[in-house]
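The values are calculated or read from the model by the stated rules, or taken from the named source; none is laboratory data. Owing to the predicted nature of the structure, the values given are computational and were not obtained by experimental measurement. Ideal geometry is used to build each Cβ from the backbone, glycine not excepted, and the neighbour counts take in all protein chains shown. For the accessible areas, the whole protein counts, side chains as well, though only heavy atoms, and no ligand, DNA or RNA atoms are used. Shrake-Rupley method; radii C 1.70, N 1.55, O 1.52, S 1.80 Å.
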Amino acid sequence: MVSFLIAGRVCGRRRAAAAPSSRTFSGACLRFAVVVFPGSNCERETHYVLTDVFGQDAAIVSHEETDLAGYDCIVLPGGFAHGDHLRAGAIARFAPVIRAVEHFARTDRLVWGICNGFQVLTEAGLLPGAMLPNVGGSFVCDWVHCRVESARTPFTVGIEPDRVLRLPIAHGEGRFYAPPDEVARLERRGQIVLRYCNAYGEPTPEANPNGAVANVAGLCNEGGNVFALMPHPERASESELGSQDGRMFFEALLRSYAVA
Amino acid sequence: MSSGASGIATVASEERPSIHSPHPGLSDQEYAQIVDRLGREPNGVELGMLAAMWSEHCGYKNSRALLRRLPTTGPRVVQGPGENAGAVDIGDGLLVVLKMESHNHPSAVEPFEGAATGVGGIVRDIFTMGARPIALLDSLRFGPLDQGRNRYLFDGVVAGIAHYGNCIGVPTVGGELYFDSSYSENPLVNAMCVGIVARERLTRAGAGATGDVFLVVGAATGRDGIHGATFASAELDDTREERRPAVQVGNPFLEKLLLEACLELLEADAVRAMQDLGAAGLTSSSAEVAARGDRGITIDVGRVSRREPGLTPYEVMLSESQERMLLVVAPDRVADVRRHFERWGLHSDVVGEITDDRLIRVCDGQELAASLPVPLLTDEVPMYVREGRPRPTPPPPPLPPEPTDPGRALLRVLSAPNVCSRATVFQTYDHTVQANTVVEPGFGAAVVRVRGTRKALAMTTDCNARYCAADPRRGAQIAVAEAARNLACRGAEPGCRDRLLELRQPRAAGGLLAA
């Protein structure tokens, strides 16, 4: 069951503990940790969007960090952690920070994977399923449409149902796979948060850039506090970059704190 | 025959050193010149070093006289030719650092690794200057894809560029791709990289003070790429398959670590000079660092980390193993620097020191393996003016017959390989990483914003090879003008130009950049 009350609980505790930052957005100021593995390559822009675009507190944290207690949300950014050797995320999951992220997630706090971060989270078992090489075999960098399937996570709260977002993707191993019974379970529990679709919101095979099962582009865990997506919202959060639809995830996150 | 920087000789185009001669890569005359200067025969290690440094690829002996005629100064130019890359002032205390380089021969033999290491090499040239790479462009030419070998080369090159560029997290924002039968089995693969650096962080590659320590950092040294420089300067012939060992093998993950480690180290002001190991590996990088600082250098090849046992001094000095850097560090900072690279999981070997005698000395432990005057490897590389032989202008191609069905004719034009969309290629390159790409590939000049300023950079590579084949002079003019027009269409003011001449091949490419 997805329960976004989690966010409120976390938020209440954090707000009592943390001094409000001078730069605030929607009344909320969260403290983010952007984890950098050797080979991560999106940590700088992710950090920039969090701090400069949304005025949040964010720190870049090493993969060797074992204490994440001071943060509200852990972001695993895009890139090629450990060169994607063996499989994307296959080596990163053994990093010391992953133990801390597991603990963080177990205590119902927020974990957000973007692209390579999604791959790391599935490898670490914090999200179900696995990532396979794209159908077609090559890396794909393009703009896609995604339909928001669930507004019940802290990352999508307040986004109108079936809203179609235009977002950039850039990955070679983004084909989400889970066995059919697992997919049915994910559907039933509302864990499929984002699906590739065409401009009209239809999740057609043509609109699926990598062959992901059930057009899955974004997924959350059972608790709703661990969320990951293959598209890059941090590359679509300012007007000059062609789309601002990526802002919605950041705004939802801040909103979920503000209302709590 | 005179030697030295001013010794320009005019030679007939036929006189080319062969890779099969008793002193590979050098002509008989050049060999005699070396013996004369040294007063003795060079030994095997020395001969290998000289052949590499006197190759066209490292020494530009056939093109330097021509390149000197190009304009290299301007109000914005902070660094012209002579360093690892050029640098141009864009205001706000920032410099743009840029360079374009070919990797044709390796790509003709082993397209994937050839193209991948082309990207790796150009990216190292940019961060060697202290700049963070912000964009890549690729200018590519292939023979028609209906021939199997051309298809193999094309697929390999595109996959190699994607593999390396995507992994290191630098967006590939532009370039060009054309097909012509003159490139059959002999592709042109050019990579351009653009970086940004704060003015005071610009790093140059001249040796520091006598007694400074010099380190090789990054990857361990292996047997790959030996003879890469001489190979890249020779004619491609039927032995190309045998040349595979001359092609380097890239590891973009290591490069990414090296990039971050080096930029972080420069922030800490721990480095006197930095130089990447590219063509001719340790030989060229150490000779160039020594030459720029007007110093000498002593190298103990026994202290270089190796991938396999049994490498000879010759192999260590000429290996073109990728993802390696040479650092010159003051003795009291060596421990800090080594700790820093250890933290990044990279090798850092103290392999020598800067001396004041303008000699490059290569030792293997106690044994002296080579001793050459630094100028003989750098300034004294002979310079030739190749005799020009004007070719008759080819007749204009016949006009196609009036189409009977204009609709079908239009579709044929639009689907022609030189006209159709390049999306299937550039979509395999990450062009949005770093979240600064304002205008993406496929729309003329690309535009990348400079975060923290209100500025953006427009960049393009352009050339019409057919014009250059018909009239090289005007073809090159048109290439420059075309690039400037593409930039003007973005509202940009042309700022600088990196030129790349590919002799013997009907083409000149101009990379242009504007702020």
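With a cut-off of 11 Å, note down the residues of the stretch A:126-154 whose backbone N falls inside the zone around a label point 7 Å from the Cα of A:Thr66 toward its beta carbon.
Within reach of a label on A:Thr66: no residues.
According to a simple spin-label model (label point 7 Å from Cα along Cα-to-Cβ), what is the distance in nm between B:Val77 and B:Ala268?
The two pseudo-label positions are separated by 3.6 nm.
Roughly what % antiparallel, to the nearest 5, for the DSSP beta bridges in the protein assembly as shown?
75
Place the peptides B:321-331, A:138-148 in order of packing, highest mean first, counting for every residue the other Cβ atoms within 10 Å and averaging per peptide.
B:321-331, A:138-148
Round to the nearest 10 and give me the degree value, 0 to 90, for the angle of helix B:252-267's Cα axis relative to the longest principal axis of chain B.
Approximately 60 degrees, to the nearest 10.
Average partner chain C-beta neighbours within 10 Å, per residue of A:247-253?
Average neighbour count from other chains, rounded to a whole number: 0.
Roughly what % antiparallel, to the nearest 5, for the DSSP beta bridges in the stretch A:5-258?
DSSP beta bridges in the stretch A:5-258 are roughly 60 percent antiparallel.
May I ask you to derive the FRET efficiency for B:Cys420 and B:Ser184 from their Cβ-Cβ distance with R0 = 22 Å, giving the value to the nearest 0.05?
Once rounded, the FRET efficiency stands at 0.65.
Which angle from 0 to 90°, rounded to the nearest 10, does the C-alpha axis of helix B:148-168 make with the longest principal axis of chain B?
60
What number comes out for accessible area per residue over chain B if the probe is 1.4 Å? Units Å², please.
With all protein chains present, chain B gives 41 Å² per residue.
Relative contact order of chain A, please, whole-number percent, based on alpha carbon pairs below 8 angstrom and at least 6 residues apart.
Taking the mean separation of contacting Cα pairs over the length of chain A, I get 22 percent.
Determine which lysines satisfy two conditions relative to B:Lys455: a Cα distance under 22 Å, and not lying fewer than 8 residues away in the same chain.
Answer for B:Lys455, where 22 Å is the Cα cut-off: B:Lys99, listed by chain and number.
If a paramagnetic tag sat 7 Å from the Cα of B:Thr210 along the Cα-Cβ line, which residues of the stretch B:336-355 would have the backbone N under 12 Å from that point?
Taking a point 7 Å out along Cα→Cβ of B:Thr210, the residues of the stretch B:336-355 whose backbone N falls under 12 Å are B:354-355.
Taking amide H atoms as placed 1.01 Å from N in the peptide plane, list the residues 5 or more away in sequence, or in a different chain, whose amide H sits under 5 Å from that of B:Ile196.
Answer set, sorted by chain and number: B:Val97, B:Arg132, B:Ile134.
Count, for each residue of B:435-442, the Cβ atoms from other chains sitting within 10 Å of its Cβ, then give me the mean as a whole number.
Taking the mean over all residues of the peptide, I get 5.
Sort the following peptides by mean Cβ neighbour count (other Cβ atoms within 10 Å, averaged over residues), highest first: B:171-182, A:33-44, B:302-313, B:401-412.
A:33-44, B:171-182, B:302-313, B:401-412
Among B:Val97, B:Val217, B:Met49, which residue has its Cα positioned farthest towards the positive end of the charge dipole of chain B, with +1 placed on the Cβ of Lys and Arg, -1 on the Cβ of Asp and Glu, and the dipole taken about the Cα centre?
The residue sitting farthest along the positive end of the dipole is B:Val97.
Tell me the relative contact order for chain B as a rounded percent, counting alpha carbon contacts under 8 Å between residues six or more apart.
Taking the mean separation of contacting Cα pairs over the length of chain B, I get 19 percent.
Per q in 0.08, 0.16 Å⁻¹, report the Debye log10 I(q)/I(0) for the stretch A:5-258, using one uniform scatterer on each alpha carbon and no solvent.
-0.26, -1.17
With the Cα gyration tensor of chain B in hand, give its eigenvalues times 5 under a square root as the equivalent ellipsoid semi-axes, listed largest first in whole angstrom.
37, 28, 21
Report the convex hull volume per residue for the stretch B:317-376, counting only C-alpha atoms, in Å³.
Output value, Cα hull per residue: 122 Å³.
Which is farthest toward the positive dipole end of chain A among A:Ile60, A:Ala151, A:Met131, measuring Cα position about the Cα centre, with Cβ charges +1 (Lys, Arg) and -1 (Asp, Glu)?
So the residue furthest toward the plus end is A:Ala151.
Please find the FRET efficiency linking B:Arg391 to A:Ala258, where r is the Cβ-Cβ separation and R0 is fixed at 51 Å, and quote it to the nearest 0.05.
0.10
Can you give the average number of partner chain beta-carbon atoms within 10 Å of each beta-carbon in peptide A:135-146, as a whole number?
Averaged over the peptide's residues, the number is 4.
Among the aspartates and glutamates, which have Cα under 12 Å from the Cα of B:Lys61 when same-chain residues fewer than 8 positions away are ignored?
B:Glu30, B:Asp379, B:Glu380
Enumerate the residues in the stretch B:93-125 having an amide nitrogen under 17 Å from the point lying 7 Å beyond the Cα of B:Arg307 toward its Cβ.
B:106-107, B:110-121
Does the stretch B:411-483 come out rounded, prolate or oblate, given a ≥ b ≥ c as the square roots of the eigenvalues of its C-alpha gyration tensor, rounded meaning a/c under 1.5 and, failing that, prolate meaning a/b above b/c?
oblate
If you take every residue apart from B:His347 with its C-beta less than 12 Å away from the C-beta of B:His347, what net charge results, scoring Lys and Arg +1 and Asp and Glu -1?
Overall, the nearby charge balance is +2.
Considering only the other residues whose Cβ falls under 12 Å of the Cβ of B:Glu83, what net charge follows from Lys and Arg at +1 and Asp and Glu at -1?
0
At R0 = 51 Å, how high is the FRET efficiency between B:Arg466 and B:Ala330 if r is their beta carbon distance? Nearest 0.05 is fine.
Calculated value: 0.40.
Once Rh for the protein assembly as shown is found with the Kirkwood sum over Cα pairs, what is the Stokes-Einstein diffusion coefficient at 10 °C and 1.306 mPa s, in µm²/s?
Reported coefficient: 57 µm²/s.
May I ask you to give the solvent-accessible area per residue for chain A, in square angstrom, as obtained with a 1.4 angstrom probe?
Averaged over the residues of chain A, the accessible area is 37 Å².
Hey, what angle do you get for helix B:334-343 against the long axis of chain B, alpha-carbon based, 0 to 90 degrees rounded to 10?
Taking the Cα atoms of chain B, the angle to B:334-343 is about 50 degrees.
Using a 1.4 Å probe on the protein chains only, how many percent of the accessible area of the protein assembly as shown belongs to carbon and sulfur?
Answer for the protein assembly as shown is 52 percent, counting heavy atoms of protein chains only.
As a check on your grasp of the helix formula, calculate [θ] at 222 nm for the protein assembly as shown: sum -39500 (n - 2.57) over DSSP H runs of n ≥ 4, divide by the residue count, round to the nearest 500.
For the protein assembly as shown, the value works out to -8500 deg cm²/dmol.
Given labels modelled 7 Å from the Cα in the Cβ direction, how far is it in nm from B:Leu66 to A:Glu206?
Spacing of the two 7 Å Cα→Cβ label points: 4.9 nm.
Quote the charge dipole size of chain A about the Cα centre in Debye, to the nearest 20; the model charges only the Cβ of Lys and Arg (+1) and of Asp and Glu (-1).
680
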